[in-house]
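First comes the structure, then the notes that go with it.
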Amino acid sequence: MSNEPNLRKLLFISYAYEDQVFAKWLARKLALYGYGVWFDQIQLLGGESWVKEVDVAIKDRSFRVLGLLSKASIGKDNPRKERTLALQLGKQRKTDDFLVTLNLDGAQPDWTLSDISWISFRESWADGLRRLLKKLESLDAPRIHAGNWAIAKASLERGETLMVKNAEKLTTNLLPFTQVPEVIRIFDTSGMDLEQERSCRNCWQNYRLDHGRAAAFSPPPSEFAKVIKQTSAAFHWPSFGAIYEIPTHNIVSRLLNRSVHSWLIQAGCIVGGDFTAYYLPTPFRGESIFRFKDVDEKQTYIRTAGTIRLYRPNAAPEEIIHHPAIRYAIRKSDLGTFAIQLRPGVALFDGAHIPITGRKVGPRTKKVTRAYFNEKWRKRLMAFSQLLAQAASEDKETALRLGTLVTLNTDWALDETSFSATATAEAEEPAHDDVHVSPEEMEDSQNE
């Protein structure tokens, strides 16, 4: 086979078996962008003739070698030989970056690679891919086709190898109401002034029907007894489609919504800057962590606050303080029961603890949560659900009660042992972290 440079069009992926999940993902992504890829498990060449021999593929057909660095690949013979061959070819051809290294997990390279910079995929595969694509564009890497979804799609697993016939319990984000009063009472609120209305908003779950009249499941706290009077009107709401021409389910949903708001406030949460999320302050109940039970009934915790610093070229570091947060909505089932749908998230603040809002939220949220996988989101879901259930049980003014998160039983489960990138237990995120970003990354995130 000829050594002519114009035949060297491929990107050779050198990897260890333990990193095959990432390698397959990368191969498909690069093929999607039109690049020719040499990857021993998938023929993603878009019409190019397939080369079986590794040496031939590297020496005669590869434009660059993408060496995947990981704790698994550092000591493996084949990946090390492939990297060594790429370094030798780079010296012969006076191409310093013939070997492009991609660091998957922060592994420290051996002495042969000590003076070579790498592209990090440790924090985010998406960010790493973005940097790799920019690198390939700067090298004017050849593309062998215009980019074809079918090429990447044809290599996807069909499911047989991803599933095992094992029973598994799935935890949902639905927290059901196990008890809802069936009587809605009408109260005269005409004796309240504006300040009193504001002060009782967090302690009395009511729905304002019109000026001077409100609906509620229970009477207000005793301190408002003089200005809020219960009328003789009461409705068994399951028997009525509307109350005072307002759909009954709207009134019930709003009362339940106000109850959840009240419980979160009474539990110690704070309403976020966008008025839709509730976050854990620090300290929370005298600690910098919140303890709770995970799905396996074992004690665990989440931090009530953390910080990251964003470093960008020619700009001062930006400090971002982040707190665990929750958003919620009231959902009604076809059977007429109600549940809280929980959405865990983060509340963001600048270094002076001023809320970050508007267009700045999106890109900074992505940087804060770049390493949040299923475990971290589940832990936040479990934390807030237990916080709510405890607050509801302590509320003596209302007969509302909450259950536990709805679970589903399945006969099949994902074979997670085949996913080396996610099979290991995830550690809790550090309290402080430094993240290096480019101005383009923040701009791209804002425009998504």
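Read-outs throughout are calculated quantities, based only on the coordinates presented, and are distinct from any laboratory measurement. What you are looking at is a predicted structure, and each value in this text was computed from that prediction instead of being measured. Neighbour counts run over all protein chains shown; Cβ positions are idealised from the backbone, glycine included.
Here Leu170 and Asp350 are evaluated by their C-beta separation; at R0 = 30 Å the FRET efficiency comes out at 0.20. Descending by average beta-carbon neighbour count within 10 Å, the peptides 347-356, 12-21 line up as 12-21, 347-356, the highest first.
Using the Karplus relation 6.51 cos²θ - 1.76 cosθ + 1.60 with θ = phi - 60°, the per-residue 3J(HN,Hα) values for region 64-70 come to 8, 10, 9, x, 7, 8, 7 Hz, with x marking Gly and Pro.
Between Gln108 and Arg327, the simple spin-label model (points 7 angstrom out along Cα→Cβ) gives 4.3 nm.
Treat the chain as a sphere of radius equal to its Kirkwood radius over Cα pairs and apply Stokes-Einstein at 4 °C in a medium of 1.567 mPa s; give the translational diffusion coefficient in µm²/s, rounded to a whole number.
Details: Rh = 26.2 Å.
In µm²/s, the coefficient is 50.
Relative to the longest principal Cα axis of the chain, at what angle does helix 20-32 sit, 0 to 90 degrees, rounded to 10? Approximately 80 degrees, to the nearest ten. FRET efficiency for the pair Ala413 and Lys134, taken as 1/(1 + (r/R0)^6) with r the Cβ-Cβ distance and R0 = 22 Å, rounds to 0.05. Of all lysines in the structure, those lying under 24 Å Cα to Cα from Lys76, and not within fewer than 8 positions of it along the same chain, are Lys24, Lys52, Lys59, Lys91. For the Cα atoms of the chain, what angle does the longest principal axis make with the long axis of helix 374-394, in degrees from 0 to 90, nearest 10? Helix 374-394 and the main axis of the chain meet at about 10 degrees. Rounded to the nearest 20, the Cβ-based charge dipole of the chain about its Cα centre (Lys and Arg +1, Asp and Glu -1) stands at 340 debye. For the chain, with the dipole built from +1 on Lys and Arg beta-carbon atoms and -1 on Asp and Glu ones, taken about the Cα centre, which of Leu400, Leu133, Phe384 lies farthest toward the positive end? With unit charges placed on the Cβ atoms, the residue in question is Leu133. What the phi angles of region 78-88 give under the Karplus curve with 6.51, -1.76 and 1.60, with θ = phi - 60°, is a coupling list of 5, x, 5, 5, 5, 5, 4, 4, 5, 5, 5 Hz, glycine and proline written as x.
Ranked highest first by the average count of other Cβ atoms within 10 Å around their residues, in what order do 189-202, 315-328 fall?
Details: 189-202: 13.8, 315-328: 18.9.
So the order, starting with the most tightly packed, is 315-328, 189-202.
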